[in-house]
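Heads up: the structure comes next, in structure tokens.
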Amino acid sequence: KRFGNNVNGQGQEYQRSLFRQNIDCSLLDSQIAMLANQGLSCLVSGKSPTRMGNWHPNVVPYGVFNTKDGPLVVAVGNDRQFVALCEVLGVPELARNPRYVLNRDRVLNRFALEATLQEILLRFTMKELQDTLPAKGVPSGPVNNLEQVFSDPFVQARGVVHHFEREDGVKIPSVAFPGKLSETPARFVKPPPLLGADTFAALADWLGLDKGQLSSLRRAGIIAGRDAP
């Protein structure tokens with residue numbers, strides 16, 4: 001309908017072509033695309049980036065810092081955010097240092113700045129900073145372990161965990177399908193099978209074994225399963 005009113009009739013033809021096209025999306029192409037700024041930096045400069053761990057090659061400070069009680073990601077993306085960071089940390093004079101005023105200068109002097117910030121950040125708890133920094137417009141967040149991930153209120157509100165319920169009433173947690181489709185939401189039909197639940201059915205299907213052959217293999221101790229013929 002969006003293209004149906006095209007005066008040349010090309011709109012309807014384009015719409016029909018959407019259902020005829022081939023989609024070629026390789027894992028290699030996708031992985032290269034995920035290099036994002038690193039790939040672009042190499043194309044522009046002609047130089048391969050070096051290993052930098054969690055640090056950003058073009059933006060400083062941008063990486064993982066230790067606090068009193070755990071690691072915290074601080075992602076300062078511009079000069080204004082750097083000023084806000086220094087204010088929260090109680091060192092506004094750091095943002096006025098000629099070596100750190102502009103991002104290009106911070107990149108050139110990154111090692112001295114990151115060392116200074118690391119020393120300062122150790123005076124704070126992770127909780128203090130993860131509340132105050134975003135409030136000032138500075139992107140940041142804790143480095144969570146998986147237990148913390150699944151207990152996070154936002155993660156729970158997103159329905160990331162789905163619980164299957166077996167016939168015996170036991171509930172089995174699993175990671176839900178991440179896509180949220182408004183018209184065709186994912187359906188979770190079959191829970192993970194118990195060990196050996198489908199052994200005989202699978203061998204009958206894949207190898208074409210009949211009940212007699214399966215019974216012989218079972219009596220010989222070669223195979224075992226819950227769905228014995």
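The values are calculated or read from the model by the stated rules, or taken from the named source; none is laboratory data. Worth saying up front: this structure is predicted, and the values here are computed from it rather than measured. We place every Cβ from the backbone using ideal geometry, glycine too, and count neighbours over all the protein chains shown.
The set of residues from the range 142-158 being part of a loop (DSSP other than H, G, I, E, B), of a type outside the set (D, E, K, R) and either surrounded by 11 or more Cβ atoms within 10 Å (Cβ to Cβ) or touching a residue at least 40 places away in the same chain (Cβ under 8 Å) (or both) comprises Val143, Asn144. Does Asp168 satisfy the condition of being modelled with pLDDT under 95 and not in a helix (DSSP H, G or I)? Here the answer is yes, as Asp168 does meet what is asked.
Beta carbons closer than 9 Å, at least 6 apart along the sequence or on distinct chains, pair a first residue in the range 91-108 that is under 12 Å from Gly77 (Cα atoms) with a second that is acidic (Asp, Glu) for Leu102/Asp79; Asn103/Asp79; Arg106/Asp79. Regarding Gly159, is this residue among the small types (Gly, Ala, Ser), out of contact with any Asp or Glu (no Cβ under 6 Å at 6 or more places or on another chain) and closer than 30 Å to Ile223 by Cα? No; evaluated as a whole, the condition is false for this residue.
Would you confirm, using the coordinates I've provided, whether Pro98 is of a type outside the set (Lys, Arg) and within 29 Å of Gln148 (Cβ to Cβ)? Criteria not met by Pro98.
Scanning the range 114-147 for residues that are more than 19 Å from Lys68 (Cα to Cα) and in contact with an Asp or Glu (Cβ under 9 Å, 6 or more places away or on another chain) yields one hit, Lys136. Do we find that Gln31 is farther than 23 Å from Gly137 by Cβ and either at pLDDT 95 or above or among the polar types (S, T, N, Q) (or both) in this structure? Yes, satisfied. Would you say Phe188 is among the aromatic types (Phe, Trp, Tyr), outside any loop (DSSP other than H, G, I, E, B) and under 25 Å from Gly225 (Cβ atoms)? For Phe188, the condition - among the aromatic types (Phe, Trp, Tyr), outside any loop (DSSP other than H, G, I, E, B) and under 25 Å from Gly225 (Cβ atoms) - is not met.
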